[in-house]
Amino acid sequence: MEAIVQQFFNLAIMERALPLILSGLEQTIVICLLVIPLGLIGGLAFAIISLSRLRTVRWAAIAGIDFFRAIPPLVLLIFIYAGLPFAGLRPSPMLAVAIAFFLNTSSYYGEIYRAGIESVGQGQWDAARSTGLYGYQTLAYVVLPQAVRNVLPDLVSNTVEVVKLTSIASVVALPELLYSADMARSVTFNSSPIVLAAAIYLVMLWPIVRLISRLERRVAA
Amino acid sequence: MTTGALPILEIRGLRKRFHDVEVLRGIDLVVLPQQLVFVIGPSGSGKSTLLRCCNRLEEPSAGSIRVAGVDVMARSTDINAMRRQIGMVFQSFNLYPHMTALRNVTLALAKVLGKPRAEAERIGMAALDRVGLADKARSYPGELSGGQQQRVAIARALALEPKVMLFDEPTSALDPELVGSVLNVMRELKRGGMTMLVVSHEMRFARDAADRVIFMDHGVIVEEGPPQQMFSAPSEARTRAFIAELAR
Amino acid sequence: MESWSRFLDTFFNWEVIERYFPAIMKGVVVTIEIAAAVVVTGTLLGLALAIMRTFRLLAVNALIVVFVDIFRALPPLVLVLLVYFGLPNIGINLPSFAVLWLVLALVLAAFAEEIFWAGILSIPKGQWEAARCTGLGFLGTLTYVVLPQAIRLTVPPLTNRTIAITKNTALGTVIGVGEILNQATTAQSFSGNATPLMMGAIAYVILFIPVVVLGRFLETRFTWRRV
Ligand SMILES: Nc1ncnc2c1ncn2[C@@H]1O[C@H](COP(=O)(O)OP(=O)(O)O)[C@@H](O)[C@H]1O
Ligand SMILES: [Mg+2]
């Protein structure tokens, strides 16, 4: 018991690691503020393209979505960070993270928007078009608002996944929350800094996870 | 009618409260073997609650319920064994959507009574045959009309050879043209000697099939009597008003 | 044209492919093994927890909810590092593949529990009542009537979640599990060539595209879940 407290809940070590970890948290927040809006926009683009009347365009969009959903984000990230230099491009960790997460995240958001748009019946399109709205107006004013409402739990839930995803930026030495905590761990030979980081993730995400549970149950009911 | 026979269903002083609302306020009701007792009353008067108390889907707050002489409320009574002897048919059928009609009927035969598959299927087919649906044995509920689904639900209860059957508005979820088929099955059951307690507003059916009609309001039995009397010359003003409303 | 051949030389170098193909294949086998172990144990544990929750024992349910919430809110990599570096210091030594398996199975169990539980809750009360009326007990009703329907509802969301979590086997590379990504990065640093990374990426795509497409197919086939 004593050993567990010493190893995982050592307050003295946590206190020493706190400044480092807080600066990591700052980086994590920066990544989130960069990646979440990019992903939401990219996903919308994916979804709209997948509505195209041209079958090849439609299929290309879906193939793209499935491709980036099939590759683990860490593989994508390492490929970009460690692979591109061989082609003469040297992305900074932040740029590599932004590109990898953009591709991964927008394919997931894209799939969610797609499901949402499909959940809005053809009748809505017909009704709006029959009042003289253009296709893009129908999409923007009639279909999308309903679509987003229908898949709101999934959108929120995926956003939680994106925040969790930022932790793998540590692998390319971007000094975000987990990277800073792991650095403190390797210096102190003690896991308490990681426990502290975990606690921070929990504080940020637990309320949202609770909210999702309730939203999902409401949809199921 | 066999007077002096032991009652199949005997309800004494039944009370039920939900939180601070008393929904049943002292019900006394006796159903003799082979009787069909018909219950009418405005929505919210406690008819469903009365039926659901009989097999303890709702726990009564006070009073006693005996089925074929056995106290349903007693701690020594095996409620699952008891429920098997009380068939129940719901307004919304509640068929298992992932099972064929036959499997809906045989599930309890196999899993509760432990009958071997062949025997369960034989009994199940016989029950489906009684409701005129032997040819739909392999259909799933989603492939059947509402009337057919309700008849499968009746067969499901029937297959367990219950001592009494409870019907909670069995036809009110059905399209008008499908009501007849379900009522015909119930008439057949009556002719075969089944004891039944039926909540319904099918007055014509009550006229020719019911032994007694009970009018409930606000959790009490206001009046009861044979159908002719209840429908043409009720003594209570409330009954008269309700029946006039029904007949419109 | 010259840059094209340099590109091929860097990312699709035939010599490198030949040399490291066996290593990547070894990684593929390890990835499949861990993924299979995670899927089986995680799903079963999640189902067991969801069933336990139906008994509505207050203390037990509170514990389940806390477990589920924590494992849904924490990044898997945080858990991996915590277990991998933390446990040895309190005298528990697990091989790295076991750490990865344990963490991912618990994460999947948490998500699966939530999905199964939502499925169970979405079965109308009338189904329970009808079954109880025929004399089936609580467990019989759960086993024959409620779970078969609930599990059907959970197939599409559970498939998609399972895919997302099994892709996290790539995190094993951080603690030295010899899965695809680990083999690929090792080969890349030995060969000084990006081809192994490309091979690793392709291996993942070949492995996971079928399940992603399967997930999409299940979503459309089981559309009645969104009624
Ligand atoms: N589970 C319950 N919780 C609280 N109130 C209930 C519940 N079930 C029924 N009631 C209330 O009990 C009263 C009688 O309901 P019910 O027996 O369904 O009436 P009826 O079948 O005659 O329409 C209604 O006011 C209803 O709102
Ligand atoms: Mg009712």
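The values are calculated or read from the model by the stated rules, or taken from the named source; none is laboratory data. Because the structure is predicted, anything quoted here is derived from the model rather than measured. All Cβ positions, even for glycine, are placed from backbone atoms using ideal geometry, and neighbour counts span all protein chains on display.
For the stretch B:181-214, the tally of residues that are over 17 Å from B:GLN35 (Cβ atoms) and within 16 Å of ligand 1 (Cβ to nearest atom) stands at 2. For the residues B:ILE123, B:ILE221, the requirement of being surrounded by fewer than 22 Cβ atoms within 10 Å (Cβ to Cβ) and in a helix (DSSP H, G or I) singles out B:ILE123.
Filtering the stretch A:162-170 for residues that are in contact (Cβ under 8 Å) with a residue 40 or more places away in the chain and either away from chain C (no Cβ under 11 Å) or part of a loop (DSSP other than H, G, I, E, B) (or both) leaves an empty set.
On the given criteria, is B:LEU9 modelled with pLDDT of 95 or more and either within 16 Å of ligand 1 (Cβ to nearest atom) or within 24 Å of B:HIS218 (Cα to Cα) (or both)? Yes, satisfied. Listed by first and then second residue, the pairs linking a residue in the stretch B:38-53 that is over 13 Å from B:LYS16 (Cβ atoms) and assigned to a strand (DSSP E or B) to a residue that is more than 6 Å from ligand 1 (Cβ to nearest atom) and among the aromatic types (Phe, Trp, Tyr), with Cβ atoms under 9 Å apart and 6 or more places separating them unless they lie on different chains, are B:PHE38/B:PHE205; B:VAL39/B:PHE215; B:ILE40/B:PHE215; B:ILE40/B:PHE242. The requirement of being closer than 17 Å to C:ALA130 by Cβ, aromatic (Phe, Trp, Tyr), within 16 Å of ligand 2 (Cβ to nearest atom) and within 14 Å of chain C (Cβ to nearest Cβ) is fulfilled somewhere in the stretch B:162-177, by at least one residue. Of the residues contained in the stretch B:26-48, one or more are found to be buried (at least 18 other Cβ atoms within 10 Å of the Cβ), under 24 Å from C:PHE138 (Cβ atoms) and in contact with a strand residue (DSSP E or B) (Cβ under 9 Å, 6 or more places away or on another chain). With respect to (1) modelled with pLDDT under 95; (2) closer than 19 Å to B:ASP175 by Cα, the lone exception for B:GLN149 is condition (1). Looking across B:ALA206, B:ALA157, one residue alone is in contact with a helix residue (DSSP H, G or I) (Cβ under 9 Å, 6 or more places away or on another chain), over 14 Å from B:GLY87 (Cβ atoms) and assigned to a helix (DSSP H, G or I). It is B:ALA206. The set of residues from the stretch B:189-203 being surrounded by 15 or more Cβ atoms within 10 Å (Cβ to Cβ), away from ligand 2 (no atom under 16 Å from the Cβ) and not in a loop (DSSP other than H, G, I, E, B) comprises B:LEU189, B:LYS190, B:MET196, B:MET203. Taken over the stretch B:92-103, the criterion of being more than 9 Å from chain C (Cβ to nearest Cβ) and either of a type outside the set (A, V, I, L, M, F, W, C) or within 16 Å of ligand 1 (Cβ to nearest atom) (or both) is satisfied by B:THR100, B:ARG103. Scanning the stretch B:13-33 for any residue that is in contact (Cβ under 8 Å) with a residue 12 or more places away in the chain, within 16 Å of ligand 1 (Cβ to nearest atom) and within 14 Å of the chain's Cα centre (by Cα) turns up nothing. Scan the stretch B:224-240 for residues that are in a helix (DSSP H, G or I) and surrounded by fewer than 12 Cβ atoms within 10 Å (Cβ to Cβ) and the total you get is 3.
Table: residues versus (1) in a helix (DSSP H, G or I); (2) under 24 Å from C:ILE206 (Cβ atoms); (3) modelled with pLDDT of 90 or more; (4) not charged (D, E, K, R).
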site: A:ILE80; (1), (2), (3), (4): yes, yes, yes, yes
site: A:PHE86; (1), (2), (3), (4): yes, yes, no, yes
site: A:LEU95; (1), (2), (3), (4): yes, no, yes, yes
site: A:SER106; (1), (2), (3), (4): yes, yes, yes, yes
site: A:ALA127; (1), (2), (3), (4): yes, no, no, yes
site: A:VAL143; (1), (2), (3), (4): yes, no, yes, yes
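Kindly establish whether A:SER180 is more than 9 Å from chain C (Cβ to nearest Cβ), assigned to a helix (DSSP H, G or I) and buried (at least 23 other Cβ atoms within 10 Å of the Cβ). Yes: the conditions hold for A:SER180.
Here is the figure for the stretch B:35-61: residues that are within 11 Å of ligand 2 (Cβ to nearest atom) and either more than 14 Å from chain C (Cβ to nearest Cβ) or not polar (S, T, N, Q) (or both) total 11. Scanning the stretch B:58-80 for residues that are within 10 Å of ligand 1 (Cβ to nearest atom) and part of a loop (DSSP other than H, G, I, E, B) turns up at least one hit. Looking at the stretch A:142-153, is at least one residue closer than 23 Å to C:PRO210 by Cα, within 14 Å of chain C (Cβ to nearest Cβ) and of a type in the set (Gly, Ala, Ser)? No, every residue in the stretch A:142-153 fails to be closer than 23 Å to C:PRO210 by Cα, within 14 Å of chain C (Cβ to nearest Cβ) and of a type in the set (Gly, Ala, Ser). Could you tell me whether B:MET196 is hydrophobic (A, V, I, L, M, F, W, C), touching a strand residue (DSSP E or B) at 6+ places or on another chain (Cβ under 6 Å) and in contact (Cβ under 8 Å) with a residue 24 or more places away in the chain? So B:MET196 fits the description; yes.
Among the residues of the stretch B:21-34, are any within 16 Å of ligand 2 (Cβ to nearest atom), closer than 22 Å to B:GLY193 by Cα and assigned to a loop (DSSP other than H, G, I, E, B)?
Here is the first cut: in the stretch B:21-34, the residues within 16 Å of ligand 2 (Cβ to nearest atom) are B:21, B:23-24, B:27.
Filter once more, so that each one left must be closer than 22 Å to B:GLY193 by Cα: none.
No, the stretch B:21-34 contains no residue that is within 16 Å of ligand 2 (Cβ to nearest atom), closer than 22 Å to B:GLY193 by Cα and assigned to a loop (DSSP other than H, G, I, E, B).
The condition (being more than 13 Å from every other protein chain (Cβ to nearest Cβ), free of Cβ contacts under 8 Å to residues at least 40 places away in the same chain and farther than 21 Å from A:ALA199 by Cα) is satisfied by just one residue among C:LEU45, C:LEU58: C:LEU58.
Which residues, counting only those in the stretch B:162-178, are away from ligand 1 (no atom under 16 Å from the Cβ), assigned to a loop (DSSP other than H, G, I, E, B) and free of Cβ contacts under 8 Å to residues at least 60 places away in the same chain?
Residues of the stretch B:162-178 that are away from ligand 1 (no atom under 16 Å from the Cβ), as a first pass: B:162-165, B:174-178.
With the extra rule that they be assigned to a loop (DSSP other than H, G, I, E, B), the set shrinks to B:162-163, B:174-175.
Across the stretch B:162-178, the qualifying residues are B:LEU174, B:ASP175.
Of the residues that make up the stretch B:79-92, is at least one among the hydrophobic types (A, V, I, L, M, F, W, C), within 16 Å of ligand 2 (Cβ to nearest atom) and more than 26 Å from B:ALA153 (Cα to Cα)? Scanning the stretch B:79-92 turns up no residue that is among the hydrophobic types (A, V, I, L, M, F, W, C), within 16 Å of ligand 2 (Cβ to nearest atom) and more than 26 Å from B:ALA153 (Cα to Cα).
Yes/no matrix, rows are residues, columns are (1) surrounded by fewer than 24 Cβ atoms within 10 Å (Cβ to Cβ); (2) modelled with pLDDT of 95 or more; (3) more than 9 Å from every other protein chain (Cβ to nearest Cβ):
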{"position": "C:THR154", "(1), (2), (3)": "no, no, yes"}
{"position": "C:ILE163", "(1), (2), (3)": "yes, no, no"}
{"position": "C:VAL177", "(1), (2), (3)": "no, no, yes"}
{"position": "C:LEU181", "(1), (2), (3)": "no, no, no"}
{"position": "C:ALA194", "(1), (2), (3)": "no, no, no"}
{"position": "C:LEU214", "(1), (2), (3)": "yes, no, yes"}
{"position": "C:LEU218", "(1), (2), (3)": "yes, no, yes"}
{"position": "C:ARG226", "(1), (2), (3)": "yes, no, no"}
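Exactly one residue out of C:VAL28, C:VAL99, C:VAL65, C:VAL16 is within 14 Å of chain A (Cβ to nearest Cβ) and under 20 Å from A:SER167 (Cβ atoms), and it is C:VAL99. Inside the stretch A:162-177, residues that are surrounded by fewer than 23 Cβ atoms within 10 Å (Cβ to Cβ) and at pLDDT 95 or above make up a count of 3. Only one of the numbered conditions (1) in a helix (DSSP H, G or I); (2) more than 16 Å from ligand 2 (Cβ to nearest atom); (3) closer than 30 Å to B:GLU22 by Cα is not met by B:ARG103, and that is (3).
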